[in-house]
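Q: Below is one structure. I have some questions about it.
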Amino acid sequence: MGMSNLISESGILLTLLFVMIPVIAAVGLFILKANNNKSWQLSTGKNKVLSGHLKDDSQKTKPEYFAAADNNFSEERTQVADKELIQNINHDEELPIVSKKKKSRYIPYTEPGLSNLILWYLGSASFWLLLGSTIGEYIGIKFISPDIDHISWLSFGRLRPVHTNAVFWGWASLAMMGLAYYVVPRVSNVPIVSIRTGYISLFHINTTVLLGSVLLMAGINNGGGEYQEYIWPVMLLFGIGIIISTYNFLRPLQED
């Protein structure tokens, strides 16, 4: 079965259906919000007419209009004021299509250099997540179209460990370490020992996943269990990166 027949496969159609469900739901929600907005505009239009009536009547804006003898409202004028008074006349309504943006909470100060390091960790983790998930999707396609390619580097047996290891060692590990670089100095109130060593650790881990993926696609693996397919020289790079970051984390905790 070739690439041209993939679109007609039930698995592909089911995947497209699952992708379209949130899109259709979002469009329906937007239409519902738009209809509510139309009724809201009609009600606010009436309020603006009444508020304009009050503002144009110069007599009713004078304090004497509401004042009476002995600093009390007379019964007649109080009744008139109650009828023509509009609640929250100065409140500026917003379009209810989307929720009103809440005020941002106070965010403690983070050193710019550390912020960039954290973003690099999370960005690298996101890259490996997308790459690993894409490879996993391609592996799933091979279940319904095993003859989609005849390249040994893209065979199922080689791509599956690439998918699992990229998601585990690339996505999960880098994401947790990036969050640790954010949490540890904030909890301990002690700066990271060296931001430079944080980048060195990031380089070692990214190199581990890159070299490991290439070697797995070339058929060079450890032959071990799940998530243990990288050969030991590659995993040595990962261990060095972990040791470097551990030193960065332990020093602030010891000084706390």
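The values are calculated or read from the model by the stated rules, or taken from the named source; none is laboratory data. Predicted, not measured: the structure shown is a model, and the values here were computed from it. Here the Cβ is made from the backbone with ideal geometry for all residues, glycine too, and neighbour counts use every protein chain on show. Only protein heavy atoms, including side chains, enter the accessible area calculation; ligands, DNA and RNA are left aside. Shrake-Rupley method; radii C 1.70, N 1.55, O 1.52, S 1.80 Å.
Q: I'd like to check something: does the range 156-165 contain any residue that is farther than 16 Å from V214 by Cα and not polar (S, T, N, Q)?
A: no
Q: Moving on. Of (1) of a type in the set (A, V, I, L, M); (2) under 14 Å from F249 (Cα atoms); (3) part of a helix (DSSP H, G or I); (4) touching a Phe, Trp or Tyr at 6+ places or on another chain (Cβ under 9 Å), V193 satisfies all except one. Which?
A: Answer for V193: the failing condition is (3).
Q: Also: Quick one: count up the residues across the range 151-163 that are surrounded by fewer than 16 Cβ atoms within 10 Å (Cβ to Cβ) and either in a helix (DSSP H, G or I) or in contact with a His (Cβ under 6 Å, 6 or more places away or on another chain) (or both).
A: 4
Q: Ok, one more. How many of the residues making up the range 183-211 are closer than 17 Å to R158 by Cβ and open to solvent by 30 Å² or more (accessible area, probe 1.4 Å)?
A: 2
Q: Suppose we keep only residues that are in contact with a helix residue (DSSP H, G or I) (Cβ under 8 Å, 6 or more places away or on another chain) and surrounded by fewer than 16 Cβ atoms within 10 Å (Cβ to Cβ) within the range 212-234. Which one would you say is nearest to S173 (Cα to Cα)?
A: Once the filter is applied, the top-ranked residue is Y227.
Q: Exactly one of (1) in contact (Cβ under 8 Å) with a residue 24 or more places away in the chain; (2) part of a helix (DSSP H, G or I) is unmet by I148. Its number?
A: (2)
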